[in-house]
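Trainee: I am attaching a structure below and will ask some questions about it afterwards.
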Amino acid sequence: MDEVHFQQHGSRCQMWVPPEIRDPVLFHPPNRKSVGYYGAVRLRDGRFFFRSEGGKFNALTCWKFLQQLCATSTRGARRAVVITDNAQYHHARLHRDWREQKAERFRLDFLPPYSPELNPAERIWKLTRRLCIHNRYFQSLADVTCAVEAEFANWAKPNNALRRLCAIT
């Protein structure tokens, strides 16, 4: 489990430049627009589960995602263990009692501090950026959201690509 922001900023543009200008400089307006997502991959079959987050990542939004993830992950007889980083809101007192209540079937395992290379979800964000965001211009934040969620929809079904990408072996 992890969270990410995808930002809307122009990385590519198309324009006509007079031949005497060798290296034109194009200033983009400052833009901090972004869309955030929580995401998790089921390592058994590569199925991707995500939730869009319009505001900030905090204890309440994390708890909502954990509740949805728990509901979808513990339907069968299997126990779910979620690997996550040490973000402060993953340890929040707000949902501590809920986590302890669900610990029999749904548990969080925290990675050591400052170790994003150990989190399989980080590989998903890198792949998403490469497939959907990199070297493309997005007119609006809605276009970024459409591009990212279209790829996420492909990954909502079990697939071998994510299973191999996130393999811990």
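The values are calculated or read from the model by the stated rules, or taken from the named source; none is laboratory data. Note that the coordinates shown come from a computational prediction; the quantities given were computed from them, not determined experimentally. Neighbour counts run over all protein chains shown; Cβ positions are idealised from the backbone, glycine included.
Trainee: Can you find, within the stretch 132-145, the residue that is farthest from SER34 (Cα to Cα) among those that are modelled with pLDDT of 85 or more and surrounded by 13 or more Cβ atoms within 10 Å (Cβ to Cβ)?
Mentor: The extreme case among them is CYS132.
Trainee: Output yes when any residue across the stretch 150-165 is of a type in the set (Lys, Arg), loosely packed, with under 13 Cβ neighbours inside 10 Å and in contact (Cβ under 8 Å) with a residue 60 or more places away in the chain, and no when none is.
Mentor: Taking every residue of the stretch 150-165 in turn, at least one turns out to be of a type in the set (Lys, Arg), loosely packed, with under 13 Cβ neighbours inside 10 Å and in contact (Cβ under 8 Å) with a residue 60 or more places away in the chain.
Trainee: A further question follows. Hey, can you tell me all the residues within the stretch 87-130 that are under 24 Å from VAL35 (Cβ atoms), in contact (Cβ under 8 Å) with a residue 24 or more places away in the chain and either assigned to a loop (DSSP other than H, G, I, E, B) or charged (D, E, K, R) (or both)?
Mentor: Passing the criteria: ALA87, ALA92, ASN119, GLU122, ARG123, ARG129.
Trainee: Looking at ARG51, is it outside any strand (DSSP E or B) and either under 29 Å from ASN159 (Cβ atoms) or modelled with pLDDT of 90 or more (or both)?
Mentor: No; evaluated as a whole, the condition is false for this residue.
Trainee: Do we find that THR128 is surrounded by 11 or more Cβ atoms within 10 Å (Cβ to Cβ), polar (S, T, N, Q), in contact with an Asp or Glu (Cβ under 9 Å, 6 or more places away or on another chain) and under 24 Å from GLN68 (Cα atoms) in this structure?
Mentor: yes
Trainee: Does at least one position in the stretch 88-103 carry a residue that is aliphatic (A, V, I, L, M), under 22 Å from PHE152 (Cα atoms), surrounded by 12 or more Cβ atoms within 10 Å (Cβ to Cβ) and touching a Cys at 6+ places or on another chain (Cβ under 8 Å)?
Mentor: Looking for residues that are aliphatic (A, V, I, L, M), under 22 Å from PHE152 (Cα atoms), surrounded by 12 or more Cβ atoms within 10 Å (Cβ to Cβ) and touching a Cys at 6+ places or on another chain (Cβ under 8 Å), one finds none in the stretch 88-103, hence no.
Trainee: PHE152 is checked against (1) of a type outside the set (A, V, I, L, M); (2) assigned to a helix (DSSP H, G or I); (3) over 16 Å from SER52 (Cα atoms) and fails just one. What number does that condition carry?
Mentor: (3)
Trainee: Within the stretch 54-68, track down each residue that is over 25 Å from PRO158 (Cβ atoms) and either part of a helix (DSSP H, G or I) or small (Gly, Ala, Ser) (or both).
Mentor: Correct list: GLY54, GLY55, ALA59, LEU60, THR61, CYS62, TRP63.
Trainee: Related question: Confirm whether ALA71 is in a loop (DSSP other than H, G, I, E, B) and more than 13 Å from ASP2 (Cα to Cα).
Mentor: So ALA71 fails the test.
Trainee: Let me ask something else about it. In the stretch 65-76, is there at least one residue being farther than 30 Å from VAL144 by Cα and surrounded by 13 or more Cβ atoms within 10 Å (Cβ to Cβ)?
Mentor: For the stretch 65-76, residues farther than 30 Å from VAL144 by Cα and surrounded by 13 or more Cβ atoms within 10 Å (Cβ to Cβ): present.
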